[in-house]
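The next block holds one structure in the form of structure tokens; read it before the comments.
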Amino acid sequence: MTVSPVGRDIDRVDGRSKVTGTARYSADYPASNLAHAYLVTSTIGRGSIRTMDTTAAQNAPGVVGVYSPANPLGLRLVPGIGEQYAPLEDTQIRFRGQIIAMVVAESSRQARDAAGLISPTYDEQPPRTSLADEPRVPAAGPPGHPPSALVLAPGVASIEAALAASDVVVEASFHQPMQHAVAMEPHAVLAEWNSDHTQLTLYSGAQLPHTAALGAAIRLGVPPTAVRLITPYVGGAFGSRVIPWYDAPLAAAAARQLNRPVRLVLAREQVFTVVGHRSAVNQTIKLGASRGGVLNAVSHVSDASMPFVGYRQMQPAVDTSAVLYKTPNLHFDQRHVMLDVPPTCAMRAPNEAPGAFALETAMDELAVATGIDPVELRQRNYATVVPGTGLRWSSKHLDDCYRVGVRRFGWSARRAEPRSRVDGQWLVGMGMATAIYPGNRIPDPVQVRVRLRDDDTAVVSSATADTGTGGLTMLAITGAHGLGVPLRRVKSELGDTNLPPGAPAVGSMATASTVPAVEAAVNAAVAELIKVAVTDPRSPWQGANSEDLTYENGHLRGRGISMSFGRLLTTVGRPSVEATAAAQPGPEATQYEFHSFGAHFCEVRVNRYTGEPRVTRFTTVVDVGRVVNAQAVRSQIVGGVIFGIGHALLEDNPLELDTGRLAASNMADYMVPVNADIPAIDVHWLDRPDSVLNSLGARGAGELGTVGSAAAVGNAIYNATGTRIRSLPITLDKLL
Amino acid sequence: MRAYTFTQPRSVREAVAHAGEGAAFLAGGTTLVDLMKLDVMAPTRVVDINRLPLRGIKLDPDGLHIGALERMSDVAVDRNVRRDYPMIAQALELSASAQLRNMASIGGNLLQRTRCGYFRDVTTPCNKREPGSGCSALTRINRTHAILGTSDDCVATHPSDLAVALVALGTDVHLATAQGTRTVPLDTFYALPGSTPHVENVLRPGELVTGITVPRSMWAANSVYLKIRDRQSYEFALASAAVAFEWRGRTIKQARIAVGGVGTTPWPLPAVERALAGQPATADTFEAAVSTAADGARPLSQNAFKRELLRRTLVRAFTVLAESR
């Protein structure tokens, strides 16, 4: 009997290759006759290029091509997807840090040197940069996600009336600056065409391999089938590799012109502007409640920055205030402010993280206003159906997250009165917040191929992506589970568009979407195996009915014979059998609401003299259905919480209002937490399978930890100091 | 990156002969290589001094002698330094990252350039990098900038933690040129920006830092370096304090104080030292003594908090020192 690896602590199957440096990331791929590209970006925030003399660059040593508005590469924009302009196709400057030229040379240093010789002159216009002052515009939500909504109880005239009729009203406004993914691996691409330019191979990090290839194909004006994208290793993504930016199309277009492979690696400061970021956002929350803390009205209004060049609309209310608490009156309005800033993207928990910071801080303020314990307050407003729609959840055990978290963390030691715990130089405080994130499967069919080989090993393949999350290991685990064979006998493959189209590594959906497809592919491969068994003349089962054979734990059994699939394949002289199968959600997708849930508990210390806040303890309890790989889920939740701590205390890239320059576009000034900032993080999951979502009961966990963790930190700081900071990051100057 | 010549002399005499206009000495490279990559510094000659005999950490009756090429990490773990000059070890260990400390030299540490984001970004005006081009920080992003010693042309902070501790301890810097050697007190070594922020110290063209001497004192062993910053590691100071007390019973006989993260140079605070001298180590003494610490400060749009932070950093450092007595 083979023990299933599901739910155990499984080391990454690619761990050794990563730590020994044999794993190949995009810029590591070799190519013969390789040329190297370097980008030139704009140094004004808005306007147009007046002159751009590229003569010196063209004449510089080793230079083989200089591309600019005077010598463009003919790229096309993809309407509605990504940035709504094509670089080098006009002289307009839309934001500071926009691509305005690219130099290709024999070496990366030569390309960089020559790029430094290009000094354009500009006709400048003042960039529109103020989130507070530029006009608000209504958002246009994607289908099924209206940007605004109003639900009123019978007889209630307006949300204002509902608030006015409430015993206690909390109104609070929040500011969160723009946020960057700063993945370890800078965006990089190697583009290589075949000799007649009918087939392009791109080596480039992507969360959705097929979508990235499609996007590159459209921008290059070639058929989608002409582009193969290879992305087995990705050095972090967090949403910054959801859509293809212009790095891959530019490299590919230059490679086509130059008739040789081209590699382009973004300089770190270029990653901050060429690649999207999370919008800055201002939010106002109004909560109306009874004296007992029972909500009567929730209103959530957001103004998120939206670049004129486009990409992603932030909608912070729809998956937080609209679903988290029971309320008879609900209003949200998610607006945009159009600015001359670099493109935005769907950064980890793109709506939910900023939304939950506002809502969960406001709930803490309501707890203070009503004198009710913050956990108790949330339990009094516990939603068993989705407010406004009445839909039930597939599986929801948030109440257990609160209960278990309270016990593990020692919440009962908290004193409600701020500044009541002092330890030497330090004020000590505790705070908590709720986490919520959609637990969906991708609506499109997800394909997986399972190949059974004559050496008793199996290969599970799917063009999903492993952005460092453990997707490759997840494929192997679920394959081994389905086939009933030891994990070491299963090899997994992903990150190549030559493989069957798999689940996108977005929206915490990859595992939940892949699991049913693996199961279907295992069944289909076993059916192929049985077909061989009953038809091949060399098979001991030739002529038997398929129904007489059963597959279990790597073996076929029937008519008193048992044989491993490898031995059967060897016997019949076939190296392998394989099958590809697809899976997609059924009617349950509209019959239920799917979310993962969690509760964060945080202890901070704030120095009495100098004000710096330090997180000293953190407990997070999550309800994510069944866990496929304990180690990977723990890492995901820990990583999500660290994201939240960084968001709460450190991350900021100040925008110069007069120039449009992002002042901290490097990894020294754009501060993410270092090890010293992070205490041991206690993660616990309930392990309650969500059998509605898929057969294993596994829901997403990748983004959940990011949601609410910043609010837990801020709430703990309030408890420590009595100071409520509603503008992130909460730095020491705000606490002096 | 620009073309440059590269030499590896074996003696100080040879090294200074190679130096002069357009030349830069290369020790650990943690500042120079970084800034050359950013095109902020573009020397035409790079003189690698790592083969020079400028090593050694030696304690004798005159004090502590440290060769300019000693690495930060080696000085930080030296037994004599930790016992007799704890604030030096603390300042070093609170600097940069372990990897940088393994490379960076003591001489280079004293000469490291500011972390002002405008100085490091050649697409923006900066008087220190390009005299006469203007100061971007005056009106733009300046939360981390200086409040003391600033001018209308430059508000960049001096980045070194070590230099703050060394100024507090009355350190001498030993220098060499082809014409000979000289010794300069560190507290007169650095230049205020004034109208010439590109001139940061009294070094003559081609002059080389060969070592430092930290004198023996009655206070160096009772010292602390306190660094305040947003992130707990791998970040420069918003404010820092190097404080040493000589005790007479429960009374502070005399104090030595310099602060960092707030000034355009490591900033000594003689008035605060005088206010503590002869006083009992009480909270009231500390509060009274720091009342003048930020006198003369010229806050910018985003860094006015540094006045209060500076005073509180000092009180905290005094308290730590008094409690550890």
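None of the figures in this text is laboratory data; all of them are computed from the coordinates on show. Everything quoted here is computed from the prediction, not taken from an experiment. Cβ coordinates were reconstructed from backbone atoms using ideal geometry, including for glycine residues, and neighbour counts include every protein chain displayed.
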The stretch A:641-655 and the stretch B:192-212 have their Cα centres apart by a whole-number Å value of 37 Å
Taking every alpha carbon pair in the stretch A:303-383 and sorting the distances into 5 angstrom bins from 0 up to the bin holding the longest one, the percent per bin comes out as 3, 14, 20, 21, 15, 11, 8, 6, 3, 0
Subtracting the Cα-Cα distance of A:Thr550 and A:Ala383 from 0.36 nm times their residue separation yields 55.6 nm
Percent antiparallel among DSSP beta bridges confined to the protein assembly as shown, rounded to 5, stands at 75 percent
Taking chain A and counting helices only, DSSP H stretches of n ≥ 4 at -39,500 (n - 2.57) each over all residues, the nearest-500 ellipticity at 222 nm comes to -7000 deg cm²/dmol
In nm², the average projected area of the convex hull spanned by the Cα atoms of the stretch B:135-193 is 5.3 nm²
Diffing the stretch A:333-339: the Karplus 3J(HN,Hα) column from phi (6.51, -1.76, 1.60, θ = phi - 60°), in whole Hz with x for Gly and Pro, holds 8, 10, 10, 10, 10, 7, 9
The long-range amide H neighbours of A:Gly65, using H built 1.01 Å from N in the peptide plane and a cut-off of under 5 Å, are A:Val104
With a Förster distance of 35 angstrom and the Cβ-Cβ distance between B:Asp284 and B:Arg82, calculated FRET efficiency to the nearest 0.05 equals 0.60
Under a Gaussian network model of chain B whose springs join Cα atoms within less than 10 Å, the largest fluctuation of B:Leu162, B:Leu238, B:Leu35 belongs to B:Leu35
With x for Gly and Pro, the residue-by-residue ³J(HN,Hα) of the stretch A:391-405, computed from phi through the Karplus equation 6.51 cos²θ - 1.76 cosθ + 1.60 at θ = phi - 60° and given in whole Hz, is 5, 9, 7, 4, 6, 9, 10, 4, 4, 5, 4, 4, 4, 5, x
If every Lys and Arg gets +1 and every Asp and Glu gets -1 at its Cβ, then about the Cα centre chain A yields a dipole, in debye to the nearest 20, of 1060 debye
Ordering B:146-156, A:100-110, A:216-226 by per-residue average of other C-beta atoms within 10 angstrom, highest first, gives B:146-156, A:100-110, A:216-226
Per-residue average of other protein chain Cβ atoms inside 10 Å, peptide A:662-674 -> 4
Using alpha-carbon positions, the gyration tensor of the stretch A:8-160 gives root eigenvalues a ≥ b ≥ c; with a/c under 1.5 called rounded, otherwise prolate if a/b exceeds b/c, else oblate, the class is oblate
Expected unfolding gain across A:Arg403-A:Ser32 under the 0.36 nm per residue rule, minus the alpha-carbon gap, is 127.5 nm
Per residue of B:302-315, other chain Cβ atoms within 10 Å number on average 3
For the stretch A:515-665, one quarter of the surface area of the C-alpha convex hull, expressed in nm², comes to 17.9 nm²
Fraction of alpha-carbon pairs in the stretch B:5-48 farther than 13 Å apart, rounded to whole percent, equals 51 percent
Taking A:423-435, A:4-16 and ranking on average Cβ neighbours within 10 Å, highest first, one gets A:423-435, A:4-16
Chain B, Gaussian network, Cα under 10 Å: of B:Val259, B:Val209, B:Val46, the residue fluctuating most is B:Val46
A correct fewest-to-most ranking of B:Met218, A:Met509 by other Cβ atoms within 10 Å would be B:Met218, A:Met509
Under 5 Å from the placed amide H of B:Gln279, counting only residues 5+ away or on other chains, we find B:Ile252
Each residue of B:226-234 has, on average, a number of other protein chain C-beta atoms within 10 Å of its C-beta equal to 6
For chain B, longest principal axis from Cα atoms; helix B:305-323 axis from its Cα atoms; angle between them, nearest 10 degrees, is 60 degrees
Counting only backbone N atoms under 13 Å from a point 7 Å out along Cα-to-Cβ of A:Ala153, the residues of the stretch A:292-307 in range are A:292-298
Using the Cα gyration tensor of the protein assembly as shown, the equivalent ellipsoid's semi-axes, largest first and to the nearest Å, work out to 52, 38, 30
Total charge of the residues flanking A:Leu34 in space, meaning their Cβ is under 10 Å from its Cβ, with Lys and Arg +1 and Asp and Glu -1, is 0
Non-local residues with an amide H under 5 Å from the amide H of A:Ser596, with H modelled 1.01 Å from N and Pro and chain starts lacking one, are A:Tyr437, A:Gly439
Residue-ordered couplings for the stretch A:174-179, obtained by feeding phi - 60° into the Karplus form 6.51 cos²θ - 1.76 cosθ + 1.60 and rounding to whole Hz (Gly and Pro as x), are 10, 10, 10, x, 4, 9
Computed over the stretch A:579-735, the distribution of all Cα-Cα distances in 5 Å bins, rounded to whole %, is 2, 8, 16, 16, 14, 13, 10, 8, 7, 4, 1, 0, 0, 0
Percent of all Cα-Cα pairs per 10 Å bin for chain B, counting from 0 up to the last occupied bin, reads 6, 27, 35, 24, 8, 1, 0
Here the FRET efficiency for A:Arg415 versus A:Arg538, based on Cβ atoms and R0 = 60 Å and rounded to 0.05, is 0.20
Two pseudo-spin positions, 7 Å from Cα along C-beta at B:Ala3 and at A:His175, lie apart in nanometres by 5.1 nm
CD proxy, 222 nm, chain B: helix-only mean residue ellipticity via -39,500 (n - 2.57) per DSSP H run with n ≥ 4, per residue, nearest 500, stands at -7000 deg cm²/dmol
Log10 I(q)/I(0) at q = 0.10 Å⁻¹ for the stretch B:223-323, from Debye over equal alpha-carbon scatterers, is -0.25
